[in-house]
Amino acid sequence: MGQSLTNQAARSRKTYARLTPLTPTSALQHNSRLIEWCAQDEAALASKENELRKVQGLFDKLKSAQEEDKVALEAAQRKFQAVSSGLLSADDGTNATLEDQLMNAKQAVAQAQTEKKQAEMQLAPCQKELREKEQEMKKTSSNYEGDRQKLEKMERELKTLEKDLSKLNYKDGHIEDLQEQKRRLSQEIRSLRYQLDNSKSRNPHLNFVYRDPETNFNRASVKGLVCRLVKVKQPHTARALEVAAGGKLYNVIVDTEVTSKKLLKRGQLQRRTTIIPLNKISGHSMNQNTIHTAEQLVGKDNVQPALSLIEYDRELRPAMEWIFGQVFICRDMATARKVTFHERIMKKSVTLDGDSVDPGGTLSGGAAAKGPNVFEEVNKLKEPEEALARKELELAVVDQEITNLAKVAERSCFLFFCERVNQALGLEEGGEGFMAGGETNSWEPCVYK
């Protein structure tokens with residue numbers, strides 16, 4: 001039907017072209033229609049070619065299927081002819097009669113039975129040999145297990161000794177050097193303790209002595225004297241800081257008021273003591289505006305807050321603010337007066353020489369104090385204390401090394417003694433000797449293989 005419509009369209013175009021008179025306008029219109037018709041014809045041609053390709057593909061598939069069916073038909077015909085003549089297809093693909101195939105099966109069964117009898121004849125001696133080997137294995141398994149355990153024990157012992165010796169890095173004369181080092185350190189420690197005891201006896205106010213108020217008392221809750229908990233950043237300000245703190249330098253800082261009560265009641269304190277509990281004390285550092293005003297008034301190099309001139313542990317900050325937080329350290333008395341009596345400052349000031357000015361109008365000073373300040377005295381105590389701690393640590397390390405060497409030497413000598421005893425007994429292969437047993441120096445028989 002599509003072909004007939006196309007033919008009718010072509011005839012209509014020809015009739016239209018014959019009947020239409022040609023004028024310039026009509027010629028252009030005719031030309032446009034011809035182009036449009038050509039495009040339609042080309043589209044129709046492409047459509048027909050596509051239909052042809054589809055039909056051709058279907059034809060090829062049908063042809064291939066026909067060839068396969070032809071081959072299958074020929075095979076079926078050949079098989080039908082063989083069956084009709086009394087032949088069947090054997091396992092090897094050849095044609096044979098039923099009698100031939102039955103005979104071949106009987107022969108295969110007979111051959112399999114023969115092979116089975118031969119295998120049974122070979123199996124009997126093998127089973128006998130297996131039973132003999134199993135009995136022999138049971139007899140030797142106990143000896144083998146004992147030998148294996150002894151071997152593992154000796155290997156562990158050897159590895160332990162090698163490891164200990166490698167750690168110690170032992171050389172000839174090393175133990176004598178360590179003993180000499182221990183003797184020298186012990187002598188130095190005795191000298192340092194004697195020196196420290198003398199220093200403490202001359203400065204009893206720099207030591208806080210107490211007894212534990214209860215069993216398992218935590219001594220870390222007692223921080224110590226203020227003067228021993230402060231480190232002065234600039235030594236030339238030590239005298240001024242001593243005056244600024246006054247008697248508070250000899251106060252004792254503890255963690256809580258509970259600890260304070262325990263020390264006062266059952267600590268057997270040797271003198272009257274003021275205790276500062278960190279959880280109750282409330283101190284304040286100086287306002288930054290006040291510090292800025294003082295620096296603008298006399299110059300930054302001439303005035304500094306006392307709190308900025310010391311170092312201390314962070315947990316002690318409340319106590320340090322309470323002691324040093326509201327004091328200025330000034331270069332001289334004139335600077336101190338300007339700072340203290342300024343209407344926007346009004347804070348206590350202390351000069352580097354130890355003179356002080358109070359905003360209430362009180363001035364103290366005079367001849368400079370003689371002798372070391374309290375921080376210098378504390379440093380003199382800290383030096384032998386730190387040296388003593390270092391020497392005691394060195395002595396502990398030396399003692400531990402000597403102990404380790406002694407253990408390894410003792411174990412090595414014991415094993416060597418065992419070996420020499422076995423050699424003296426003239427042991428032969430399979431004979432019993434002696435060795436160190438387990439982790440302790442006990443004796444047990446061993447068999448050398």
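Out of G246, Q296, G360, whose Cα points farthest toward the positive end of the dipole of the stretch 203-371 (charges: +1 Lys, Arg; -1 Asp, Glu; placed on Cβ)? Result: G246.
Given a Förster radius of 56 Å and the C-beta distance between A39 and Q81 as r, what FRET efficiency does 1/(1 + (r/R0)^6) yield to the nearest 0.05?
Values: r = 64 Å, r/R0 = 1.14.
After rounding to 0.05, the efficiency reads 0.30.
Across the stretch 372-383, rounded Karplus estimates of 3J(HN,Hα) from the backbone phi angles (6.51 cos²θ - 1.76 cosθ + 1.60, θ = phi - 60°) give x, 7, 5, 5, 5, 5, 5, 5, 5, 6, 5, 4 Hz, Gly and Pro being marked x. Sequence-ordered 3J(HN,Hα) estimates for the stretch 56-68 from the Karplus curve with 6.51, -1.76 and 1.60 and θ = phi - 60° stand at 4, x, 5, 4, 5, 4, 5, 5, 5, 4, 5, 5, 4 Hz, glycine and proline given as x.
Using unit Cβ charges (K, R positive; D, E negative) and no other charged atoms, how large, in debye to the nearest 20, is the dipole of the stretch 203-371 about its Cα centre?
Details: 25 positive and 16 negative charges, 104 e Å.
Roughly 500 debye for the stretch 203-371.
A simple spin-label model places pseudo-atoms 7 Å from Cα toward Cβ; at A27 and D100 they are separated by 9.3 nm.
Note that the stretch 272-280 has calculated 3J(HN,Hα) couplings of 5, 9, 9, 10, 10, x, 5, 7, 10 Hz, one per residue in order, obtained from phi through the Karplus relation 6.51 cos²θ - 1.76 cosθ + 1.60 (θ = phi - 60°); glycine and proline are x.
Taking every DSSP beta bridge with both residues inside the stretch 203-371, roughly what % is antiparallel (nearest 5)? Don't skip to the end; give the middle numbers.
Working: 12 of 19 bridges.
Bridges in the stretch 203-371 that DSSP calls antiparallel: roughly 65 percent.
Between K159 and A112, the distance separating the two model label sites (each 7 Å from Cα on the Cα→Cβ line) works out to 5.6 nm.
Comparing Cα centroids, the stretch 106-138 and the stretch 236-252 end up 106 angstrom apart.
Using the per-residue mean of other Cβ atoms lying within 10 Å as a proxy for protection, in what order, highest first, do the peptides 217-228, 301-312 fall? Could you put the intermediate results ahead of the total?
Details: 217-228: 16.2, 301-312: 17.8.
The packing order, highest mean first, is 301-312, 217-228.
For the pair K382 and Y194 in one chain, pulling the backbone fully straight at 0.36 nm per residue adds 66.3 nm over the alpha carbon distance. Put simply, the amide H of G224, placed in the peptide plane, has neighbours under 5 Å in I253, leaving out anything fewer than 5 places away on its chain.
The trypsin sites (Lys or Arg not before Pro) of the stretch 244-346 that meet both conditions, a loop assignment by DSSP and at most 14 other Cβ atoms within 10 Å of the site Cβ, are R271, R272, K280, R344. A simple spin-label model places pseudo-atoms 7 Å from Cα toward Cβ; at N143 and L123 they are separated by 3.4 nm.
Ranked by the mean number of other Cβ atoms within 10 Å per residue, highest first, peptides 347-353, 45-51 order as 347-353, 45-51.
Put simply, the amide H of I275, placed in the peptide plane, has neighbours under 5 Å in V252, leaving out anything fewer than 5 places away on its chain.
A straight chain from V258 to R184 at 0.36 nm per residue would run longer than the Cα-Cα distance by 22.2 nm.
Where a number appears in this text, it was derived from the coordinates with a stated rule and is not lab data. On a predicted model such as this, the values are computed, not experimentally measured, just so you know. Every residue, glycine among them, receives a Cβ derived from its backbone with ideal geometry; neighbour counts consider all protein chains shown.
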